[in-house]
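One structure is given here, and the rest of the page talks about it.
The values are calculated or read from the model by the stated rules, or taken from the named source; none is laboratory data. Keep in mind it's a predicted model, so treat the numbers as computed, not measured. We place every Cβ from the backbone using ideal geometry, glycine too, and count neighbours over all the protein chains shown.
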Amino acid sequence: MELVARLGLAKSTVSRVVSNLVDRGWVMREPASDDGRGVRLALTAAGREAADRLRVARRRRMEALLDQIPIDRRAEVIDVLELLHKAADASRPGHTDSW
């Protein structure tokens with residue numbers, strides 16, 4: 001349930017996504033040591049590689065987008081993106097920190 005709460009998604013949606021990741025060999029399920037009904041999720045080596053590729057691709061895409069913005073306006077855009085990030089975090093269920 002921790003993942004469900006953190007993502008703010010329905011349990012069935014998270015279960016489906018996790019099953020997909022397991023089927024791809026990116027995540028493995030292990031019994032939770034503290035809860036007989038729960039499971040612990042862990043990235044596999046292939047999952048870490050996929051996450052690394054995604055991180056690199058996302059960074060390249062963001063750099064390409066920022067390259068389209070005049071240099072003297074980039075700090076402004078980054079400030080707005082940081083505000084959006086904080087707003088998204090604050091809107092998560094159970095989030096208690098304020099700005």
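Condition check: at pLDDT 95 or above and closer than 28 Å to residue 26 by Cα. Does residue 40 satisfy that?
no
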Checklist entry - Within the range 1-17, how many residues turn out to be touching a helix residue (DSSP H, G or I) at 6+ places or on another chain (Cβ under 8 Å) and either modelled with pLDDT under 85 or over 19 Å from residue 92 (Cα atoms) (or both)? => result 2
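Scan the range 20-37 for residues that are at pLDDT 95 or above and either touching a Lys or Arg at 6+ places or on another chain (Cβ under 9 Å) or hydrophobic (A, V, I, L, M, F, W, C) (or both) and jot them down.
Within the range 20-37, the subset at pLDDT 95 or above is 20-28.
If the condition is that a residue be at pLDDT 95 or above and either touching a Lys or Arg at 6+ places or on another chain (Cβ under 9 Å) or hydrophobic (A, V, I, L, M, F, W, C) (or both), then 21, 22, 26, 27, 28 are the ones that fit.
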Checklist entry - Just for the range 45-79: of the residues that are charged (D, E, K, R) and more than 24 Å from the chain's Cα centre (by Cα), which one is nearest to residue 21 (Cα to Cα)? => result 67
Checklist entry - If you check every pair at least six apart or on different chains, which have Cβ atoms under 6 Å apart with a residue in the range 64-90 that is at pLDDT below 95 first and a residue that is of a type in the set (Phe, Trp, Tyr) second? => result 86/99
